[in-house]
Structures are given as C-alpha cells and as structure tokens.
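Written out below as structure tokens is the structure these notes cover.
The values are calculated or read from the model by the stated rules, or taken from the named source; none is laboratory data. Given the structure is predicted, the values throughout are model-derived calculations rather than measurements. All Cβ positions, even for glycine, are placed from backbone atoms using ideal geometry, and neighbour counts span all protein chains on display.
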Amino acid sequence: MSPLKFFVYCRATTPHVRHYLHSVEGQKRTLLNFAAEVGLNIWHVFTEVASASRSGARPIFLDMLRRLERGEANAVLTCDLCRLTRNYPDGTQLADMLYRGILKEIRTPTEIITSGFTLKLSLNLQQFERQQLSENIKRGLRARKIQRHEP
C-alpha cells in the first residue's frame with residue numbers, strides 16, 4: 001500500500017457525455033480499479049460536473065484544495081491532467097502545493113507528477129495542443145465554407 005493518501009478527482013464538463021471514459025462514473029470506476037491494481041491508498045472520491053476553463057467556478061474542486069491544505073490527503077489521482085484544470089490560476093495553485101510539499105504527487109494511470117515545474121510544463125503542453133486543434137478545426141471549417149461557395 002502506498003504511504004501517500006490520495007484524493008480521487010473526476011470531472012466532466014457536461015452530464016451528457018457520450019464516451020464512457022469521459023463520464024464521471026467512467027472515470028471513477030477506471031481510477032478505483034487502477035488504484036486497487038497498484039495499491040494506492042484512497043481517502044475520498046470527488047466527482048464534479050463543471051467546466052474547468054474558469055478559475056473558482058468549481059466548488060467541489062475548491063473543497064478538495066482546502067482539504068489538501070488541511071492535510072487530509074497529500075496526493076491526487078485523476079484520469080488526465082485536463083480533468084483537474086484547464087486554466088492558469090488553478091494550475092498555478094496546484095503547482096504551488098507541489099512546491100510547498102502539501103501535495104506530494106499528482107497521478108494519472110499513465111503519468112506521475114511530483115514537481116510544480118513538471119506540472120506547469122505538462123499543462124502548458126496540453127494548452128498548446130488544444131490551441132493547435134482549435135486552429136486546425138477553424139481552418140477546416142473555413143475551407144469547407146469557401147468550397148461551398150465556389151461553382
């Protein structure tokens with residue numbers, strides 16, 4: 001059993017998600033199975049349906065941060081970093097908790113983050129990928145629009 005005390009955090013942007021892994025229940029089941037397989041010590045599971053694009057807009061996430069500050073747990077398990085945050089202030093707050101030693105680890109089934117620097121780097125890379133994807137989609141939509149108007 002891991003000496004770390006984990007909070008599990010599951011988030012979906014909307015309650016009507018088609019892909020099961022992105023649903024809160026799908027994330028929860030996946031993470032609890034993963035935790036059992038690798039021997040993680042789970043203290044509480046937080047589930048939330050809310051957008052992570054704006055800081056301060058997720059009451060359950062904020063409660064989890066307060067409880068981390070109080071020392072109830074010292075690690076977070078989530079399906080993907082984007083489930084934790086998609087905005088700079090929340091990412092900075094998590095990185096600060098890693099720097100101060102309040103948070104020892106943020107883990108996904110494929111990644112273990114133990115430093116604020118690594119967290120910020122990973123979040124910045126995800127943001128860059130989202131921006132690139134958004135630009136590619138917009139470019140494709142503009143091209144389709146132009147093609148429809150050509151004879």
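Numbers below:
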read-out: Restricting the stretch 1-30 to residues that are at pLDDT below 90 and either under 14 Å from the mean Cα position of the chain (by Cα) or among the polar types (S, T, N, Q) (or both), the residue that is farthest from ILE112 (Cα to Cα); value: THR14
read-out: Tally of residues being surrounded by 17 or more Cβ atoms within 10 Å (Cβ to Cβ) and small (Gly, Ala, Ser) across the stretch 25-43; value: 1
read-out: Test: residue in the stretch 63-83 that is farther than 21 Å from LEU4 by Cβ, surrounded by fewer than 15 Cβ atoms within 10 Å (Cβ to Cβ) and either charged (D, E, K, R) or free of Cβ contacts under 8 Å to residues at least 40 places away in the same chain (or both); value: no
read-out: Any chance SER115 is at pLDDT below 90 and more than 25 Å from ASN33 (Cα to Cα); value: yes
read-out: Within the stretch 120-151, considering residues that are of a type in the set (Gly, Ala, Ser) and either under 25 Å from ARG86 (Cβ atoms) or in contact with a helix residue (DSSP H, G or I) (Cβ under 7 Å, 6 or more places away or on another chain) (or both), the one modelled with the highest pLDDT; value: GLY140
read-out: Residue list for the stretch 48-62, filter: among the hydroxyl-bearing types (Ser, Thr, Tyr) and under 12 Å from the mean Cα position of the chain (by Cα); value: SER51, SER53
